[in-house]
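Peer 1: So that we are looking at the same thing, I have put the structure below in structure tokens.
The values are calculated or read from the model by the stated rules, or taken from the named source; none is laboratory data. Remember, it's a predicted structure, so these values are computed and weren't measured experimentally. Because the Cβ atoms are built from the backbone with ideal geometry, glycine has one as well, and the counts that use them run over all protein chains shown.
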Amino acid sequence: MVWRRLRWRPRRDGGPDSERVLGLESELRLLRLEAAERERSLHRAQADLARERERARDQGDEAARADVQRLLGAIATPVVQLVTLAHLRDTAAAEARAGDALDIGMRLVRGLEDCGVQTSGAVGDDEPFDPGRHDPLSGTTMPRPGERAVVRFVGLVYRGRTVRKAGVEAAQG
């Protein structure tokens with residue numbers, strides 16, 4: 001440090017310079033102590049922040065696990081019914097009817113809705129095209145933003161975010 005190389009030596013005669021130098025050295029020691037304490041406080045704050053981040057990440061992980069468990073609980077029965085229906089059809093143990101599959105599919109949709117998943121648009125709806133919410137089904141007739149489009153497949157939205165865009169075609173005439 002510069003202070004060590006430029007250390008003032010008080011005059012041996014005890015003159016005014018020596019008192020000033022002793023005062024400055026004392027003040028320097030206090031400032032060094034303050035700086036060391038601030039550094040210790042900074043390290044403690046950094047450690048506290050790291051612990052808080054870890055705790056927040058753990059809480060987020062736990063919340064995500066709870067959401068997944070709730071989702072799986074809501075769709076478990078329709079999924080089991082769908083797998084059973086497919087097995088019955090594959091083994092010819094029973095005739096699988098389209099109405100049965102549709103009923104199971106609607107139970108699945110209701111289970112998803114109970115967990116916060118919403119459908120976006122309804123099949124046949126005429127809506128202004130929005131590239132953030134709609135996916136054109138045809139690469140040849142792509143509507144421009146704001147032009148009319150007809151929903152052919154619904155989209156899915158979860159917590160305000162589009163998970164699957166609705167499939168649309170440009171409206172005729």
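Peer 1: Please verify whether ARG152 is among the basic types (Lys, Arg), part of a strand (DSSP E or B) and free of Cβ contacts under 8 Å to residues at least 60 places away in the same chain, treating the condition exactly as stated.
Peer 2: On the way: among the basic types (Lys, Arg): yes; part of a strand (DSSP E or B): yes; free of Cβ contacts under 8 Å to residues at least 60 places away in the same chain: yes.
So ARG152 passes the test.
Peer 1: Sticking with this structure for a sec: Please verify whether segment 64-75 includes one or more residues that are within 26 Å of ARG152 (Cβ to Cβ), touching a residue at least 12 places away in the same chain (Cβ under 8 Å) and not hydroxyl-bearing (Ser, Thr, Tyr). Outline the logic, then answer.
Peer 2: Let us first name the residues in segment 64-75 that are within 26 Å of ARG152 (Cβ to Cβ), namely 75.
From what's left, touching a residue at least 12 places away in the same chain (Cβ under 8 Å): 75.
Those still in the list that are not hydroxyl-bearing (Ser, Thr, Tyr) too: 75.
The answer is yes, given that some residue of segment 64-75 is within 26 Å of ARG152 (Cβ to Cβ), touching a residue at least 12 places away in the same chain (Cβ under 8 Å) and not hydroxyl-bearing (Ser, Thr, Tyr).
Peer 1: What is the number of the single condition among (1) of a type outside the set (Ser, Thr, Tyr); (2) at positive phi; (3) not in a loop (DSSP other than H, G, I, E, B) that GLY146 does not meet?
Peer 2: (3)
Peer 1: Going by what's in this entry, would PRO78 be described as crowded, with 16+ Cβ neighbours inside 10 Å and either modelled with pLDDT under 95 or in a loop (DSSP other than H, G, I, E, B) (or both)?
Peer 2: Values: crowded, with 16+ Cβ neighbours inside 10 Å: yes; either modelled with pLDDT under 95 or in a loop (DSSP other than H, G, I, E, B) (or both): yes.
Against the criterion (crowded, with 16+ Cβ neighbours inside 10 Å and either modelled with pLDDT under 95 or in a loop (DSSP other than H, G, I, E, B) (or both)), PRO78 qualifies.
Peer 1: If the requirement is being within 28 Å of LEU71 (Cβ to Cβ), over 31 Å from the mean Cα position of the chain (by Cα) and among the polar types (S, T, N, Q), which of these qualifies: THR162, THR140, THR119, THR84? Can you show your working first?
Peer 2: Numbers: THR162 fails: over 31 Å from the mean Cα position of the chain (by Cα); THR140 fails: within 28 Å of LEU71 (Cβ to Cβ); THR119 fails: over 31 Å from the mean Cα position of the chain (by Cα).
Selected residue: THR84, the only one of THR162, THR140, THR119, THR84 that is within 28 Å of LEU71 (Cβ to Cβ), over 31 Å from the mean Cα position of the chain (by Cα) and among the polar types (S, T, N, Q).
Peer 1: A follow-up question, please. Of the numbered conditions (1) touching a Lys or Arg at 6+ places or on another chain (Cβ under 9 Å); (2) within 25 Å of GLY167 (Cα to Cα); (3) surrounded by 14 or more Cβ atoms within 10 Å (Cβ to Cβ), ALA96 satisfies every one except a single condition; which is it?
Peer 2: With (1) touching a Lys or Arg at 6+ places or on another chain (Cβ under 9 Å); (2) within 25 Å of GLY167 (Cα to Cα); (3) surrounded by 14 or more Cβ atoms within 10 Å (Cβ to Cβ) applied to ALA96, the lone miss is (2).
Peer 1: Using the structure shown, decide if ASP48 is modelled with pLDDT of 95 or more and either of a type in the set (Val, Ile, Thr) or surrounded by 10 or more Cβ atoms within 10 Å (Cβ to Cβ) (or both). Talk me through it step by step, then tell me what you get.
Peer 2: On the way: modelled with pLDDT of 95 or more: yes; either of a type in the set (Val, Ile, Thr) or surrounded by 10 or more Cβ atoms within 10 Å (Cβ to Cβ) (or both): yes.
Spelling it out, ASP48 is indeed modelled with pLDDT of 95 or more and either of a type in the set (Val, Ile, Thr) or surrounded by 10 or more Cβ atoms within 10 Å (Cβ to Cβ) (or both).
Peer 1: Of all residues in segment 155-173, which are of a type in the set (Val, Ile, Thr) and surrounded by 14 or more Cβ atoms within 10 Å (Cβ to Cβ)? Reasoning before the result, please.
Peer 2: In the first step, residues of segment 155-173 are kept if they are of a type in the set (Val, Ile, Thr); the result is 157, 162-163, 168.
Listed by number, the residues that qualify are VAL157, THR162, VAL168.
Peer 1: Could you tell me which of the residues GLY116, GLY105 is at negative phi and either among the small types (Gly, Ala, Ser) or at pLDDT 95 or above (or both)? So that I can check it myself, show each step before the final result.
Peer 2: Values: GLY116 fails: at negative phi.
From the options GLY116, GLY105, the qualifying one is GLY105.
Peer 1: Quick check: is even one residue across segment 120-128 of a type in the set (S, T, N, Q) and surrounded by 17 or more Cβ atoms within 10 Å (Cβ to Cβ)?
Peer 2: Of all residues in segment 120-128, those of a type in the set (S, T, N, Q) come to 120.
From what is left, the residues that are surrounded by 17 or more Cβ atoms within 10 Å (Cβ to Cβ) are 120.
Yes, there is a match, as at least one residue in segment 120-128 is of a type in the set (S, T, N, Q) and surrounded by 17 or more Cβ atoms within 10 Å (Cβ to Cβ).
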